[in-house]
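Note sheet for the following structure.
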Amino acid sequence: MSILHVNQLVARYPGAKTDTLKEISFTVNPADFYAIIGPSGAGKSTLIRCINRLVEPTSGTVRLFDQQITQLPPRQLRQTRRHIGMIFQEFNLVDRMSVMDNVLSGRLGYTSTWRSMLKLFSQADIQRALELLERVGLLEHVDKRADQLSGGQRQRVGIARALMQDPQLLLLDEPTASLDPKIARDVMTLIQQTARDLQIPVLCNIHDVALAKEFCNRILGLQDGRMMFDGETHSMSQQDLDRIYEREVL
Amino acid sequence: MSTQSQTQNRQLHWQRYRYPQSLIQFTLVLLALSALAYSIHFLNIDLQRLLSVFGRVGEVLAERYFPPDLAYISQPGYLQSVIESIQMAYLGAILGMLLAVPLAWFAAWNVTPARRWLYPLARLAIMGSRSVHEMIWTILFVTVLGFGMLPGVCALVMFCIGFAGKLFAEEIEVIDMGQVEAMQANGANPLQTFMYAVWPQVRTAWTGIAIYTWDVAFRAATVVGFFGAGGMGWYLKRNVQQLETERVAAILLSIVLLVLVSELISAWARHRLSRRRAGNQLQNA
Ligand SMILES: Nc1ncnc2c1ncn2[C@@H]1O[C@H](COP(=O)(O)OP(=O)(O)OP(=O)(O)O)[C@@H](O)[C@H]1O
Ligand SMILES: [Mg+2]
């Protein structure tokens, strides 16, 4: 059974004259590391953000397992968001909180309001946070403030925070675009390895085609909000690539 | 090579002021100046008299207000009223700022939990408290609640809601929304999002605003008694009415001193705060 099914998704920002996403449909399966590629402004971020409804789709449906995300009222939406981990280009760590608190904040959706106000996370959560920090190699930085880390380290905290949710799907919005090529590769390897170990499917925006070809088994090509390609990575030809990037929209 | 020769051949041109804008700006400045001249003329402000006032003020001060009646302000009754003023300021500032925190949260467009109804309501509450002067609030509360400290505290609460609420909300509206989105993507509810993504970002700035609010609230607390709301202001009013000018002088002196002390303490606190902030930035770099 598919994990995520997107059908005829259309998105238009308020006040915009045209649709940013035009009838996008695709399916993510359990073992997928799915890449979304396309020129700048093609709508990659918009597509990713429509899936957990940080951006409200205009029409079409997004189904995660057997739940229609597009129709959920706020409370149910929050409950469903717990199962979708998200990693951002700009890391979006809470700068003035410790690394540990940043990782623990991944559990907020599972923690009662009053416990989270007092930062009373369960012993199991704390144990899990330490394990994840060890996995991403940051155990010795656990008490540092997030803004004292380097870019690569911050993105590792971002990964640990997303994994803390026990996600059933990972959304990545250009997770390596703010990092230098060497660190970018390390971070992608870490994500790939972890996703495999924990059996989490990944949907990943990426503008570096070489990285996409290396790490992803399926590729969706967007241009100006239109799907130009959707298929296995090895089936993508140079012609397909040219078609995706033929008309740069800035 | 080619660009160099181009620059030599073609005269480049740049102007700071361009025709229609410069004319408009010039006209506006002219209008502002003539309005000022007109109002001075209209008010018939006589510079000669204005200057002579300073001399007269000196005379009056020396004759009637000197020496200040220091014995009067060392009486237990008056000292009690000083304590009362401090208590009123403290209660008013604390309660007012506690109420201002949620209001500021609701009234910040970027993070308000409900843009349709909480946002306009909170905006209205903050604007409402601001649009009425704190002394008018005092008069209103005195007429409703009678004389005493309670109306003073209430007036100060209203003042702090308007004053701190607006500054708090403005501080929220410039935070980094990425952190907020990260919490929303986790499935955090609005209160959790506020605590984990908004509060850490505004904490330092809010502390500075809180100190500033205390300053202004304390200054107001020294005079709300003038309108019947307890504290030193009441003594001020009585002695002004009885023309006890030397006592008035002493009371004014004590007010100036107290406000000065309070300002000094908060200046010191603010200084420490900014030093801590600078230290943080240094660490980040
Ligand atoms: N919040 C917004 N409000 C209005 N328009 C937006 C908003 N965010 C993005 N857009 C517009 O939607 C289009 C797609 O933007 P999007 O960020 O999804 O592109 P992208 O493929 O992620 O680009 P990049 O590779 O530069 O990140 C752009 O034309 C952009 O101007
Ligand atoms: Mg993007």
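The values are calculated or read from the model by the stated rules, or taken from the named source; none is laboratory data. Computed from a predicted structure; not experimentally measured. Virtual Cβ from ideal backbone geometry, glycine too; neighbours counted across all protein chains shown.
Of everything listed in (1) within 15 Å of ligand 1 (Cβ to nearest atom); (2) surrounded by 18 or more Cβ atoms within 10 Å (Cβ to Cβ), the single unmet condition for A:VAL187 is (1).
Does at least one position in segment B:174-190 carry a residue that is within 14 Å of chain A (Cβ to nearest Cβ), of a type in the set (A, V, I, L, M, F, W, C), in contact (Cβ under 8 Å) with a residue 60 or more places away in the chain and not in a helix (DSSP H, G or I)? The answer is yes, given that some residue of segment B:174-190 is within 14 Å of chain A (Cβ to nearest Cβ), of a type in the set (A, V, I, L, M, F, W, C), in contact (Cβ under 8 Å) with a residue 60 or more places away in the chain and not in a helix (DSSP H, G or I). Listed here are the helices (runs of 4 or more DSSP H) enclosed by segment A:53-121 that have at least 3 residues being of a type outside the set (Gly, Ala, Ser) and at the interface with chain B (Cβ under 7 Å from one of its Cβ atoms): A:74-81. Tell me, please, whether a residue that is within 16 Å of ligand 2 (Cβ to nearest atom), touching an Asp or Glu at 6+ places or on another chain (Cβ under 9 Å) and modelled with pLDDT of 95 or more can be found in segment A:66-86. Yes.
Please indicate, with yes or no, whether at least one residue in segment A:33-46 is in contact with a helix residue (DSSP H, G or I) (Cβ under 8 Å, 6 or more places away or on another chain), in a loop (DSSP other than H, G, I, E, B) and aromatic (Phe, Trp, Tyr). So far as segment A:33-46 goes, no, none of its residues is in contact with a helix residue (DSSP H, G or I) (Cβ under 8 Å, 6 or more places away or on another chain), in a loop (DSSP other than H, G, I, E, B) and aromatic (Phe, Trp, Tyr). The helices (runs of 4 or more DSSP H) located wholly in segment B:1-118 that include 3 or more residues which are free of Cβ contacts under 8 Å to residues at least 24 places away in the same chain and not basic (Lys, Arg) occupy B:2-9, B:19-43, B:47-64, B:76-106. Going by the structure shown, is A:GLY137 part of a loop (DSSP other than H, G, I, E, B) and within 24 Å of the chain's Cα centre (by Cα)? Yes: the conditions hold for A:GLY137. Looking at A:ALA42, is it at pLDDT 95 or above and either within 16 Å of ligand 1 (Cβ to nearest atom) or among the hydrophobic types (A, V, I, L, M, F, W, C) (or both)? It is false that A:ALA42 is at pLDDT 95 or above and either within 16 Å of ligand 1 (Cβ to nearest atom) or among the hydrophobic types (A, V, I, L, M, F, W, C) (or both). If you go through segment B:232-239 one residue at a time, do you hit one that is over 16 Å from the mean Cα position of the chain (by Cα) and more than 16 Å from B:TYR78 (Cα to Cα)? Looking for residues that are over 16 Å from the mean Cα position of the chain (by Cα) and more than 16 Å from B:TYR78 (Cα to Cα), one finds none in segment B:232-239, hence no. For the residues A:LEU172, A:LEU163, the requirement of being within 16 Å of ligand 1 (Cβ to nearest atom) and buried (at least 16 other Cβ atoms within 10 Å of the Cβ) singles out A:LEU172. All of A:ARG115, A:ARG53, A:ARG96, A:ARG78 fail the test of being within 16 Å of ligand 1 (Cβ to nearest atom), without any contact (Cβ under 8 Å) to a residue 60 or more places away in the chain and not β-branched (Val, Ile, Thr), apart from A:ARG53. With respect to being touching a residue at least 24 places away in the same chain (Cβ under 8 Å), away from ligand 1 (no atom under 16 Å from the Cβ), β-branched (Val, Ile, Thr) and in contact with a strand residue (DSSP E or B) (Cβ under 6 Å, 6 or more places away or on another chain), A:THR70 falls outside the description. Look at (1) away from ligand 2 (no atom under 16 Å from the Cβ); (2) of a type in the set (D, E, K, R); (3) at the interface with chain B (Cβ under 10 Å from one of its Cβ atoms) and you find that A:ASP125 fails only one, number (3). I'd like to know if segment B:174-181 contains one or more residues that are in contact with a Gly (Cβ under 7 Å, 6 or more places away or on another chain) and buried (at least 22 other Cβ atoms within 10 Å of the Cβ). There is no residue in segment B:174-181 that is in contact with a Gly (Cβ under 7 Å, 6 or more places away or on another chain) and buried (at least 22 other Cβ atoms within 10 Å of the Cβ). Scanning segment A:54-98 for residues that are at positive phi and surrounded by fewer than 17 Cβ atoms within 10 Å (Cβ to Cβ) turns up just one, A:PHE65. Considering (1) β-branched (Val, Ile, Thr); (2) surrounded by 18 or more Cβ atoms within 10 Å (Cβ to Cβ); (3) more than 16 Å from ligand 2 (Cβ to nearest atom), the lone condition that A:ILE51 does not fulfil carries the number (3).
Only one of the numbered conditions (1) near ligand 1 (Cβ under 10 Å from one of its atoms); (2) under 19 Å from the mean Cα position of the chain (by Cα) is not met by A:GLY15, and that is (2).
Filtering B:THR207, B:THR193, B:THR213 for residues that are buried (at least 20 other Cβ atoms within 10 Å of the Cβ), assigned to a helix (DSSP H, G or I), within 14 Å of chain A (Cβ to nearest Cβ) and touching a residue at least 12 places away in the same chain (Cβ under 8 Å) leaves a single hit, B:THR193.
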